[in-house]
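**Q** Supplied in structure tokens, the structure appears directly below.
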Amino acid sequence: MNRRQKIKLKLFSFINKIRLSFQLEMTESFYRVVVHENAKPYIMLLKSLLTLVSLFLAFIVFEKSFYAFVAGLTVYLLITFLEQTIFIYNSFLVMPQLTYEHDPERLLGVSFGVGVNPSGGPEIPIVGFVVKDEEYAHQMHETLLYWAGGSTHDEAGNVCLSTIVLNPKEYVFLCYPNLESDSVKKHNEGIEKRRKAESLTDVHVPMFALTIIGKRCEIGPQSYFPLFREKHKDGVPVLFQICIPGENGGVKSIDGLDDFVLFNLKIRDKDELTRMDIEYDYMRVMG
């Protein structure tokens, strides 16, 4: 990450922190403010002060009834607005990290292909990292196995793959732990259950420390990726390999290194991303 990307990361992190700490939402009948629980003492104090002000206004004789109406309406609206306040609270979870030292120079690229069943069954979509040497392949394999919970058949969906197409000639490939896995959901549910004993209205906003393995790749004239994307459907499992360069521009599998079966691969154009996507902020920072 260069200096410019570090500055962008700090800026977007600051903006997101503000956005998560204060929001104004429209309800069916009125507006409501969503603020962090740190502001709860101040909101409660302000509500108490407004209640005292409303009582004080009841003893004031205004020269004109219009002034009394405006003063009373203002206090009423402010109290109503504050009554609609929703407080949010955060939790922080560190997702599984790398078990090796990442070296971008040793991650050469990404391969897309298809396996044909000799017995005539359906084609098997194949995706993989292409790395410089077998040692690095084993190191990456260890991390993915750790992320997948110790199994190469990741039916639980602990590992996510995504391909973000920047333009017809370039894409970014990402691999990261799933923030919506069953283990993460269970963690969040436990936190929310404990909080409900104190307040039924507070809203949980989980926060994460997440490691993403990313690689920007070119789409060459002989690339299989365009056809792969045309055939791919979300939810279809893929065979994921970590391989090394082979002959004639191909790739070579590594003896003793089992392939993964992964169930979370999505392919999107960059313009399709929204704030709900992990890749949204990643692309804003890394470009």
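**Q** With a point put 7 Å past each Cα toward its Cβ, work out how far ASP269 is from LEU52 in nm, to one decimal.
**A** Label at ASP269, label at LEU52, 5.9 nm between them.
**Q** Place a +1 charge on the Cβ of each Lys and Arg in region 109-197 and a -1 charge on the Cβ of each Asp and Glu, then give the dipole magnitude about the Cα centre in debye, rounded to the nearest 20.
**A** Working: 8 positive and 12 negative charges, 124 e Å.
Computed about the Cα centre, the dipole is about 600 debye.
**Q** Let me ask you something else. Rounding to the nearest 20 debye, state how big the charge dipole of region 96-286 is about its Cα centre with +1 on each Lys and Arg Cβ and -1 on each Asp and Glu Cβ.
**A** On the way: 20 positive and 30 negative charges, 114 e Å.
Dipole size: approximately 540 debye.
**Q** Another question, then. Just subtract the alpha-carbon distance of LEU257 and ALA156 from 0.36 nm times their residue separation and send over the number in nm, one decimal.
**A** Values: separation 101, 0.36 × 101 = 36.36 nm, distance 2.10 nm.
Roughly 34.3 nm would be gained on extension.
**Q** Next question. What GluC sites (Glu not before Pro) in region 187-263 are in a loop by DSSP, with at most 16 other Cβ atoms within 10 Å of the Cβ? Present the calculation step by step, with values, prior to reporting the outcome.
**A** Details: sites: GLU189, GLU192, GLU198, GLU218, GLU230, GLU247; in loops: GLU198.
Those that pass, being in a loop and sparsely packed, are GLU198.
**Q** In percent, what relative contact order does region 96-286 have, based on Cα pairs under 8 Å that are 6 or more apart in sequence? Show your work: numbers first, answer last.
**A** On the way: 301 pairs, mean separation 54.8, N = 191.
Reported relative contact order: 29 percent.
**Q** Follow-up. Under a 5 Å amide H to amide H cut-off, with H placed in plane at 1.01 Å, what residues pair with HIS36 once short-range neighbours are removed?
**A** For HIS36, whose amide H was placed from the backbone, the distant partners under 5 Å are ILE88.
**Q** Between rounded, prolate and oblate, where does region 152-231 land on the alpha carbon gyration tensor, with a ≥ b ≥ c its root eigenvalues, rounded for a/c under 1.5, else prolate if a/b exceeds b/c? Could you put the intermediate results ahead of the total?
**A** Details: a/c = 3.65, a/b = 2.74, b/c = 1.33.
Cα axes put region 152-231 in the prolate bin.
**Q** A further question follows. If the limit is 32 Å between Cα atoms, which of LYS169/LYS233; LYS185/LYS252; LYS186/LYS252; LYS186/LYS231 go over it? Please list the in-between numbers first.
**A** Numbers: LYS169/LYS233 21 Å; LYS185/LYS252 38 Å; LYS186/LYS252 39 Å; LYS186/LYS231 34 Å.
Beyond 32 Å: LYS185/LYS252; LYS186/LYS252; LYS186/LYS231.
**Q** Using 5 Å bins from zero, what percent of all Cα-Cα pairs in region 136-287 falls into each bin?
**A** Computed distribution, short to long bins: 2, 7, 15, 18, 19, 17, 10, 6, 3, 2, 1, 1, 0.
**Q** Counting other beta carbons within 10 Å of each Cβ, put LEU161, LEU262 in order, fewest first. Mind showing how you got there, number by number?
**A** Working: LEU161 20, LEU262 23.
Fewest to most other Cβ atoms nearby, the residues stand as LEU161, LEU262.
**Q** Further question on the same structure: Applying 1/(1 + (r/R0)^6) with R0 = 45 Å to the Cβ-Cβ distance of SER119 and TYR146, what FRET efficiency is obtained, to the nearest 0.05? Don't jump to the answer; show the numbers that get you there.
**A** Numbers: r = 34 Å, r/R0 = 0.76.
My answer for the efficiency is 0.85.
**Q** Please give the direction-averaged projected area of the C-alpha convex hull for region 204-276, in square nanometres with one decimal.
**A** On the way: hull surface 31.5 nm².
So the mean shadow area of the Cα hull is 7.9 nm².
**Q** Additional query: Taking 45 Å as R0, compute the FRET efficiency from the Cβ-Cβ separation of ASN167 and GLU192 and round it to 0.05. Walk me through the numbers before you get to the answer.
**A** Numbers: r = 42 Å, r/R0 = 0.92.
Result of the calculation: an efficiency of 0.60.
All of the numbers you see were taken from the coordinates with simple rules; none came from a lab. Values in this document were obtained by computation on a predicted structure and should not be read as measured data. So basically every Cβ, Gly included, is an ideal-geometry build from the backbone, and we count neighbours across all protein chains shown.
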